[in-house]
Amino acid sequence: TTEGYLPLRQYIAGRYMKRQGISIDADEILITNGSQQGLDLISKVFIDKGDDIIIERPGYLGAIQALSVYEPQFHAVDLLEDGVDIEMLKKAVEEYSPKLFYSVPNFQNPSGITYSELKRQQTAQIIKRSNTIMIEDDPYGELRFIGKDTPSMKAFLDDAVLLGSFSKIVSPGIRMGWIAAKKHIMEKLIIVKQAADLHSNYFSQRIVFQYLQDNDIDGHISKIRALYKQQRNCM
């Protein structure tokens, strides 16, 4: 199926509930060729030439490249030490009524900044009062090696679209990620996914699922966290 191997999607949904207490149905998950393809599919669905969208400053180059293909008007909002500049975001949303706000709330690339819980709540309130759709890209959330985890934007903003990836926790070479979105959005994403490549590599999906069944992924992530912390302390 275009949506992806069902047991793998069920696993992803179950992990959202286990780790973050977020209820996402397996039918609200689409397997993609890395989260980079997720950005492309989202852009195809939402962006027409000249549409206004908001990105963070500094912004993730891979996302800027993917979005730029569809020729939107970018409006950048600054990042502070605890997340996005709320006043700038509020002003941009009110002034431009943007289609999308693309954000990396956990260990943002390239700044490394993580949104505080308060900033997440404030951001959610601004987006709720608008027609803007929040895109939360979260490839790094499980790699925290200092401090406590913060809730996903989805905890405060039910309509947020999430991007996830196995690249950082299993293997980057498999190029496998996913989009989690409400069903009315997912319907459109499935159509453009079918047009792009019919479905992501089914064999690889089965391999990843079997790996997750046969191995302790949390133990593996703990090793990664310890190594990253050691490298960070060295730097």
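The values are calculated or read from the model by the stated rules, or taken from the named source; none is laboratory data. Everything quoted here is computed from the prediction, not taken from an experiment. A quick note on method: Cβ atoms are made from the backbone with ideal geometry, for glycine too, and the neighbour counts reach across all protein chains shown. Ligands, DNA and RNA are excluded from the accessible area calculation, which covers all protein heavy atoms including side chains. Shrake-Rupley method; radii C 1.70, N 1.55, O 1.52, S 1.80 Å.
When you check residue 38 against the structure, is it over 23 Å from residue 119 (Cβ atoms) and modelled with pLDDT under 95, yes or no?
On the way: over 23 Å from residue 119 (Cβ atoms): yes; modelled with pLDDT under 95: no.
Criteria not met by residue 38.
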Unique match (being of a type outside the set (A, V, I, L, M), at pLDDT 95 or above and in contact with a helix residue (DSSP H, G or I) (Cβ under 8 Å, 6 or more places away or on another chain)) among 183, 168: 183
Among the residues of the range 105-125, which ones are closer than 21 Å to residue 180 by Cβ, open to solvent by 10 Å² or more (accessible area, probe 1.4 Å) and of a type in the set (Ser, Thr, Tyr)? 114
Could you tell me whether the range 44-67 includes any residue that is under 22 Å from residue 170 (Cα atoms) and in contact with a Leu (Cβ under 7 Å, 6 or more places away or on another chain)? yes
Report every pair of residues separated by at least 6 positions or lying on different chains whose Cβ atoms are under 9 Å apart, first residue within the range 203-231 and over 30 Å from residue 3 (Cα atoms), second open to solvent by less than 70 Å² (accessible area, probe 1.4 Å) and part of a helix (DSSP H, G or I). 225/142; 225/143; 228/143
Selection within the range 37-49 - under 21 Å from residue 140 (Cα atoms) and either open to solvent by less than 10 Å² (accessible area, probe 1.4 Å) or touching a strand residue (DSSP E or B) at 6+ places or on another chain (Cβ under 6 Å) (or both): 38, 39, 41, 42
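Keeping to the range 15-36, report how many residues are open to solvent by less than 40 Å² (accessible area, probe 1.4 Å) and either basic (Lys, Arg) or without any contact (Cβ under 8 Å) to a residue 60 or more places away in the chain (or both). Working first, answer last.
First, the residues of the range 15-36 that are open to solvent by less than 40 Å² (accessible area, probe 1.4 Å): 15-16, 22, 24, 26, 28-32, 34-35.
Checking which are either basic (Lys, Arg) or without any contact (Cβ under 8 Å) to a residue 60 or more places away in the chain (or both) leaves us with 15, 26.
The number of residues fulfilling the criteria is 2.
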Kindly evaluate residue 94 against the criterion of being more than 19 Å from the chain's Cα centre (by Cα) and open to solvent by 70 Å² or more (accessible area, probe 1.4 Å). yes
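Could you check the range 40-58 and list, in sequence order, the residues that are part of a helix (DSSP H, G or I) and out of contact with any Lys or Arg (no Cβ under 8 Å at 6 or more places or on another chain)?
As a first pass, look at the range 40-58 and keep what is part of a helix (DSSP H, G or I): 40-46.
Within the range 40-58, 40, 42, 43, 44 qualify.
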So, residue 31, is that one closer than 16 Å to residue 185 by Cβ, modelled with pLDDT of 95 or more and either outside any loop (DSSP other than H, G, I, E, B) or of a type in the set (Val, Ile, Thr) (or both) or not? yes
So which residues in the range 69-119 are more than 23 Å from residue 164 (Cβ to Cβ) and aromatic (Phe, Trp, Tyr), if there are any at all? 74, 96
When the range 59-85 is checked residue by residue, the ones that are open to solvent by 30 Å² or more (accessible area, probe 1.4 Å) and outside any strand (DSSP E or B) are 60, 61, 64, 65, 68, 69, 70, 71, 81, 82, 85
